1. What ³J(HN,Hα) values, in whole Hz, does the Karplus curve 6.51 cos²θ - 1.76 cosθ + 1.60 give for region 148-157 when θ = phi - 60°, with x put for Gly and Pro?
2. Distance from a point 7 Å along Cα→Cβ of residue 14 to each backbone N in region 289-316: keep the residues under 12 Å and list them by number.
3. With a 10 Å cut-off between alpha carbons and a GNM built on the chain, which of 299, 47, 270 moves the most?
4. Report the calculated FRET efficiency for residue 47 and residue 114 (r = Cβ-Cβ distance, R0 = 41 Å), to the nearest 0.05.
5. Based on DSSP H runs of at least 4 residues, each adding -39500 (n - 2.57), what is the mean residue ellipticity at 222 nm of the chain after dividing by all its residues, to the nearest 500 deg cm²/dmol?
6. Determine the equivalent ellipsoid of region 205-322 by diagonalising the alpha-carbon gyration tensor, then write out the semi-axes as square roots of 5 times the eigenvalues, largest first, rounded to whole Å.
7. Determine the gain in length on full extension of the stretch residue 199-residue 291; use 0.36 nm per residue of separation and subtract their C-alpha separation, reporting nm with one decimal.
8. By Kyte-Doolittle mean hydropathy of at least 0.5 and Cα axial length of at least 20 Å, which whole DSSP H helices of the chain are selected?
Amino acid sequence: MRLNLLTGRWVTIVESRAERPSDFAVRQNVIESSRPCPFCPGNEEATPPALETFDAGGDWTLRVIPNLYPAFEGDESFAVRNLGPVHVQAEASGIHEVFVYSPDHSAALNTLSDEAAVRLMDALSRRLEDHSDTDNVRYTQAIVNHGREAGASLSHPHGQILGLPFVPGEIIEEERAFARFAGGCVLCTTAEAELATGHRIVAANDDVVVVCPYWSGAPYELLIIPREHQSHLPRASDSALAAAGLALRDATAHLNAALGDVAYNVGFHTAPHQHRGPYHWHIHVWPNLVTQAGFERGTGVMINIVAPEAAAETLRAVKVTA
Ligand code: AMP
Ligand code: ZN
Ligand code: ZN
């Protein structure tokens, strides 16, 4: 078992379980649709007006738009209402945006040009800055869902930015982990310790380290750690942001080259807007290769059938052409 220092939860690595028999066919990761794509150039009318547009030579390269089906909406501040002894409510106020990070319908994170990868981080940084100036938004979660198995509903490359009126549990756990760690910063220390052995490194340079975390709860899980110590993503230097964008592109390119077009989720973790304690922003990539079953649901303890050392070795071994 290994302790995830970011969540305080145990994971267990059991490679032999990869050999167990299965009666079920391998899942397909295709999204099929005959509808016109609302995110393609020429169909801008299908979405609400853009909040932000990046362009080059008159054509847009990235658009941020309000989500037409928002999960969080409105500027009400967070107030808990007890409707009875066991029915507790709060308004789902906040912001829900979509960022379309390429005009190319068939692009994905792994195929982005350097400029597009850097632009994506620039756009996120600007949106997070905007959210931090919004009174009722306490924390903003940016994500990318790639592939149906990872929850994507539209195949055009895009992500979502959700400004929440509260700080979610996963982030509270990470805040606690940073506060609890006695040896400086958990992630600065992780980057150094992993560079020292190299076992779990997928890619690294002066600005960023990509690892299969020691405590990976699922096969091929990846963590992108900017080497500049900064709690809030929008306060990161331009070079740290750019390096993280390129690392995200490269990390997904390694995944794609090693395993094919697997579904994955990306989570951009940054300190809650008003947070003043220790934190270090980072990016998680969670490939969707296994399903969380009863034990994981019941206990929160992950059983990982691919050791992160083996995963890193496989990912390092493939050639990616940027
Ligand atoms: P995902 O489900 O991760 O693929 O993200 C797609 C998001 O786009 C969903 O949250 C939808 O609510 C949102 N969405 C779908 N159609 C539109 C549209 N025409 N304009 C804006 N947002 C949309
Ligand atoms: Zn499209
Ligand atoms: Zn995190």
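The values are calculated or read from the model by the stated rules, or taken from the named source; none is laboratory data. The structure displayed is predicted, hence computed values, not measured ones. Here Cβ is always computed from backbone atoms with ideal geometry, including for glycine, and neighbour counts include all displayed protein chains. Areas reflect the complete protein model, heavy atoms only, side chains present, ligands, DNA and RNA absent. Shrake-Rupley method; radii C 1.70, N 1.55, O 1.52, S 1.80 Å.
1. 4, 5, 9, x, 5, 10, 10, 8, 4, x
2. 293-296, 301-306
3. Looking only at 299, 47, 270, the biggest GNM fluctuation is shown by 299.
4. 0.95
5. Details: 6 runs with 81 residues, N = 322.
The per-residue figure over the chain is -8000 deg cm²/dmol.
6. Calculated on Cα positions only, the semi-axes equal 25, 20, 11 Å.
7. Extra length from residue 199 to residue 291 when fully extended: 30.5 nm.
8. Taking the DSSP H segments of the chain (at least 20 Å long, mean hydropathy at least 0.5), we get 238-259.
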